[in-house]
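Enquirer: Shown below is the structure under consideration.
The values are calculated or read from the model by the stated rules, or taken from the named source; none is laboratory data. Only a predicted model underlies this, so the values are computations on that prediction, with no experimental measurement involved. Virtual Cβ from ideal backbone geometry, glycine too; neighbours counted across all protein chains shown. Ligands, DNA and RNA are stripped out before the accessible areas are found, and what is left, the full protein with its side chains, is counted by its heavy atoms. Shrake-Rupley method; radii C 1.70, N 1.55, O 1.52, S 1.80 Å.
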Amino acid sequence: MQVSAASLAALEYPALLAALAALGATDLGRGRIAELLPLAGGEPLAERRTAYEEAGRLLGDGALVPSLETPLAPLLQRAGGAPPGLSGRDVVALADLLEATAPVMARIAAAEPPCPALAARAAALPDPEPLRRQIRRTLDRRGEVREDASPELQRLRGTIRRQRDLLYQDLQGIVQEHRELLSEETVPMREGRLVLMLQAGARGRVPGLVHGRSATGKSFYFEPLAAVDGNNRLQQAWEEEEAERRRLLAELADELRRQLPMLLAHADFLAGLDLLQAAQRFAAQARATLPELSAEPSLRLRAARHPLLDPALAPLREAALGQPGHRGAVVPLDLELTPERRALVITGPNAGGKTVALKTAGLLTLMALAGLPVPAATGSVMPLLASLVATVGDEQDLLADRSTFSGRLLRLKEAWQLAGPRSFVLLDELGSGTDPEEGAALAGALLEGLLARGALVLLTTHLGRLAGEAMELPGAACAAMEFDPATGEPRYHLLPGPPGSSEAIALARRLGLASELLASAEARLGPEGREYRRLLAEVERLRGELALRLEEAAAERRRAGSERERLERERAELEAERRSVAQRSRRDLEAFRVQVRGQLGREVERLAEQLQAGKRRGLAESATSRLFAEAPTPELPVEEGIGGPLEVGAAVRHRALGWQGTLEKLGAGRAEVRVGGKRLRCRPEELLLMSTSGSPAGAAPSASPRTLRPAAQTPEKPAVPIELMLIGERAAGALDRLDAYLDEALRDGRDEVRVVHGHGSGRLRQAVRQHLAGHPAVASWRPGEDGEGGNGATVVRLRG
C-alpha cells in the first residue's frame, strides 16, 4: 500500500509498532514487528489474518516462541562472515534457535482443527536435525567443546590427565624431600606449568627454574629441574588439545556457513511466529479483534480506542516508550463512512478530541491492513486501500526552508495525486495557517475534488464555511465533538449533525487567561459572532437533549427486550409443563382404565350376589365409590373456589370429577351432594367450597359435569444452570444469549459459571472473552482447566 513515512509518523504508527515489539520474545520477532507495513489486500493480507487466527488457537496450549535473551540477528550475520566468526556460546545460541522451532512445528502438524497457513510455512523449512546433532555432539550447554567431541580429543585429554598425575606424583616426592625449604606444600600451576612454592631464602639450594615471586614477596614459584621435562610434555599435550578444540570449532563454523540458508529460513519462521504471538498478547491486553475488511469505500468503527491512549495499555507503553501516557478513562469512538457518505468534516471545541478521532481512524486502518487486531468492538469494518495520506500538526521544516502552510500544501498535493476509489485522506485542521477566506476556499475545492475521485475523506477544521459547504455537498457530512453547553467542557464524544463551535474563548477561560482579556475578545466578536455562538450553543443543547432521549429510548428497548425474553422463557417453561402434565394424565387415566376394566367384572358379580340377597339401597353408590377409589386426583388450583370449611347448603364442586351441586349432609368421613336431582356420596376432602349457604345462588360460578382434566400449575422456575453451551453459534447471537444468561445467573445468586464455546476457529472464544472483559457483571474470567474443558471453555467469576 502506498503510504509515506510522513503519513505513518503523523498517525503514530511507529510508536504503535514499538509498543507491540515490547511483547516480542526474540530480537528476530521485534525486528519483524518494526518492519511491519500495511498491505493493499489480496492473498498476502489474507494469509496474515489466517495465520493470526491459527496462532490464537495454538496459544491456548502455551507459548509458541520462548524468550531467547541472546540476540540472534547479529549471530546470523556473523555466521555468514569470514572466520573467526562465532564462539562456542554463539553456536549454542544458534542451536537454541533450531531447538525453538522443532516443538512448534510438531504442534502445528498435530493441530485440530488444522492450521493450513502455518503448516505451509513449516512445510517449507529444511530439516535442521543433522546440524542440531552435530552441535550437540561437539559442544556442551556452556559452549565448551565436549571431551568426547572427537577420538583425537579424547586421546589428548587422556594423555593430559596421565601426564599431570605423573608430574604431580614427582613433585609430591620433591615436597617430601625438601619440606623445610618450601613455604607451602601445595603444587600450584604457574603459566601452564606445575611448580612448588620455594622460600625466598632457599633460592639456589635446589636446582630448578624460578617463574616469579609471590604477591607477598616471601616465596618464589619454583620448577625443579626434575619436573621440567614432564611440564614440557604436559604443555605440549595442552597445546595439541587446544589445536584440536579450535579445529572442531572451525569445522562447526564452516558447517554453519554452509547451512546458513537453512538457519535463515528457521529464523524467518521464528520471527513470523513471534510477531503473531506478540499480536495475540496485544489483543488480550487491548481487548482487540480482527475487524472485517470491505472492498467498498466504507469505514465503520464501533467503540474504538486509540492504543496510545487506552489506559489498559499504560504498562505496555511505559515498558516500550518510557512513559505510560494517558491513564484516565477514554471515551470510545463511533465513526462511519459509507459509499454514499464518503467524507466527514469534524468540527468542535479546541482540545475537544477532533485530532484524536482522526488519528484513531487512521491508525486503526493501518493496523487492520497490516493484519493486526484493532482495539474496537465486534462489527467494526475497515476498507481495503491502495493509498493513505495523513497530515497532523505542524508541517514546518526550517532546514528545508518550508513554512507551516507550504508544508501542508505539499501534503495536499500528495493527497490529490494519490486520490482514487481506494484511497483514504485524513487532514487535520484543513484550511488553517493562512487567511481564513482563502483557506476555506482551497479546502472546499479540495474536498469536492477528493469526493469526485471516489476517495474516503476525514477532515478536522475550525472553519465554519467549510463545515457549511460539507453539509450541502453530496457524499459529505458533518460531525461535531460534543461539549457541555453550560460549562464549555469537552465530552470527547463524536456526534453526527451540524457543526460545533470552536469554543476558543471558553478554552482560554479554563486555562486561566485574564478575564479582562477575554471580555475584550468577546466584545470584538461583534453581534453576528455572538449570535452565531449563541445559535451553536443552542444546537449543542438540543443535540444533548436528543442524545439523552435516544439513550433513554435505547435503554427502554433493552429493558423491553429483556422482559420479552423472560416472558418467552416462562411461556416455553409453561408449555413444557403443560405437555408434561398432559402426558402424565394420559398415563394415569390409561392405567386407571385398565384397572377399572379388571374390577368391573368383580363388581358385577358382587352386585348380583347382593341383589339376590335382597339388598337394594346404596348399591350403585357403593360400587361407584369402590371403582373410583383409586381414580387419579390431580391437584386443582385453590383459586377456583372461595376456600373455608364446608357447611350444609353450600355450593360445592368435586375436585377430581368436576361435578357441582349442593351439600345436603356432612358427617365424619362422609358427605352427600345433590347434583341435578340425584344424590351422590363422597369424602368431604374431595369437595371444594364454591359459595356458602348464605350466598345468593347466583354467586356460585356455574359449572357442569365435565371430563377429568388436571389443572396445569405454574411450575417453579428452575435454577439457572451452571454452564452455558454456545458451541456452533454465531458470535452476535451467542453474545445476546450470554448477556441474558449472566443476568439470570446474577438473579439466581450464582458466584461462578462456565461458558462453553469450544475451540473451533477461535473467533467465538475471542468474541466471548472480549465481551466478558468489558461486562459490568463480570469480576474476572479465566480459561478452563483440564477438568473444565480447557481452552474450549471460559470460567466466569460474577460480581456478588
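Enquirer: Quick check: from the Cα gyration tensor, does segment 125-283 come out rounded (a/c under 1.5), prolate or oblate? Display every interim value, and only then the final one.
Expert: Values: a/c = 4.43, a/b = 2.64, b/c = 1.68.
It is prolate, given that a/c is not under 1.5 and a/b is the larger ratio.
Enquirer: Can you check what the net charge comes to around LEU451, using other residues whose Cβ is under 13 Å from the Cβ of LEU451 (Lys, Arg +1; Asp, Glu -1)? Don't skip to the end; give the middle numbers.
Expert: Details: positive: ARG341, ARG342, ARG453; negative: GLU340, GLU448, GLU469, GLU472.
Around LEU451, the surrounding residues sum to -1.
Enquirer: At a 1.4 Å probe radius, carbon and sulfur cover how many percent of the accessible area of segment 240-319?
Expert: Working: 1570 of 3050 Å².
So the carbon and sulfur contribution to the accessible surface is 51 percent.
Enquirer: Using the per-residue mean of other Cβ atoms lying within 10 Å as a proxy for protection, in what order, highest first, do the peptides 239-245, 385-391, 674-680 fall? Write down the numbers at each step before the final one.
Expert: Details: 239-245: 15.7, 385-391: 23.9, 674-680: 12.1.
Those peptides, ordered most packed to least, come out 385-391, 239-245, 674-680.
Enquirer: Here's something else I'd like to know. Return the carbon/sulfur percentage of the accessible area of segment 153-193, one whole number, probe 1.4 Å, all protein chains in place.
Expert: Working: 1180 of 2550 Å².
Carbon-and-sulfur percentage of accessible area, whole number: 46.
Enquirer: So, one more: Please label the shape of segment 1-46 as rounded, prolate or oblate, based on the square roots a ≥ b ≥ c of the eigenvalues of the alpha-carbon gyration tensor (a/c under 1.5 means rounded; beyond that, a/b larger than b/c means prolate, else oblate).
Expert: Working: a/c = 2.70, a/b = 1.24, b/c = 2.18.
In terms of gyration-tensor shape, oblate.
Enquirer: Now for a different question. Ignoring ligands, DNA and RNA, what percent of the accessible area of segment 721-800 is carbon or sulfur (1.4 Å)?
Expert: Result for segment 721-800: 49 percent of the exposed heavy-atom area is carbon or sulfur.
Enquirer: At LEU293 and ARG587, where each label point lies 7 Å from the Cα along Cα→Cβ, what is the point-to-point distance in nanometres?
Expert: Output for this residue pair reads 5.8 nm.
Enquirer: Can you tell me which of 654-667, 776-789 comes out highest on packing, and rank the rest after it, using the mean Cβ neighbours within 10 Å?
Expert: Working: 654-667: 16.8, 776-789: 12.6.
Highest mean packing first, the order is 654-667, 776-789.
Enquirer: Within the set of other residues whose C-beta is less than 13 Å from the C-beta of SER380, count the net charge using Lys and Arg as +1 and Asp and Glu as -1.
Expert: Values: positive: ARG287, ARG300, ARG302, ARG305; negative: GLU292, ASP334, GLU336.
Here the charged neighbours net out to +1.
Enquirer: Largest first and to the nearest Å, give the Cα extent of segment 243-383 along each principal axis.
Expert: 77, 37, 23
Enquirer: Under a crude label model (7 Å from the Cα following the beta-carbon direction), how far is ARG257 from GLN77 in nanometres?
Expert: Output for this residue pair reads 1.9 nm.
Enquirer: Sticking with this one: Once you list every other residue whose beta carbon is under 13 Å from the beta carbon of GLU185, what net charge do they have if Lys and Arg are +1 and Asp and Glu are -1? Mind dumping the intermediate values first?
Expert: Numbers: positive: ARG179; negative: GLU177, GLU180, GLU184.
Summing Lys/Arg as +1 and Asp/Glu as -1 gives -2.
Enquirer: Calculate one ³J(HN,Hα) per residue across segment 329-337 by plugging θ = phi - 60° into the Karplus curve 6.51 cos²θ - 1.76 cosθ + 1.60, and present them in order as whole Hz with x for glycine and proline.
Expert: Running phi through 6.51 cos²θ - 1.76 cosθ + 1.60 with θ = phi - 60° gives 5, 10, 7, x, 9, 10, 8, 9, 10 Hz.
Enquirer: Then there's this: Which GluC sites (Glu not before Pro) from segment 311-383 combine a DSSP loop assignment with at most 16 other Cβ atoms within 10 Å?
Expert: Details: sites: GLU318, GLU336, GLU340; in loops: GLU340.
Sites meeting the loop and neighbour criteria: GLU340.
Enquirer: With an 8 Å Cα cut-off and a minimum separation of 6 or more residues, compute the relative contact order for segment 157-260 in percent. Walk me through the numbers before you get to the answer.
Expert: Details: 113 pairs, mean separation 24.9, N = 104.
That works out to 24 percent.
Enquirer: Report the gain in length on full extension from GLU577 to LYS678: 0.36 nm times residue separation, minus Cα-Cα distance, nm rounded to one decimal. Intermediate results must be reported in sequence, preceding the final value.
Expert: Details: separation 101, 0.36 × 101 = 36.36 nm, distance 3.71 nm.
Once the chain is fully extended between GLU577 and LYS678, it gains 32.7 nm.
Enquirer: Output the peptides 474-482, 363-371 sorted from most to least packed, where packing is the average of other Cβ atoms within 10 Å over each peptide's residues. Spell out each step's value before the answer.
Expert: Values: 474-482: 21.0, 363-371: 25.1.
The most tightly packed comes first, giving 363-371, 474-482.
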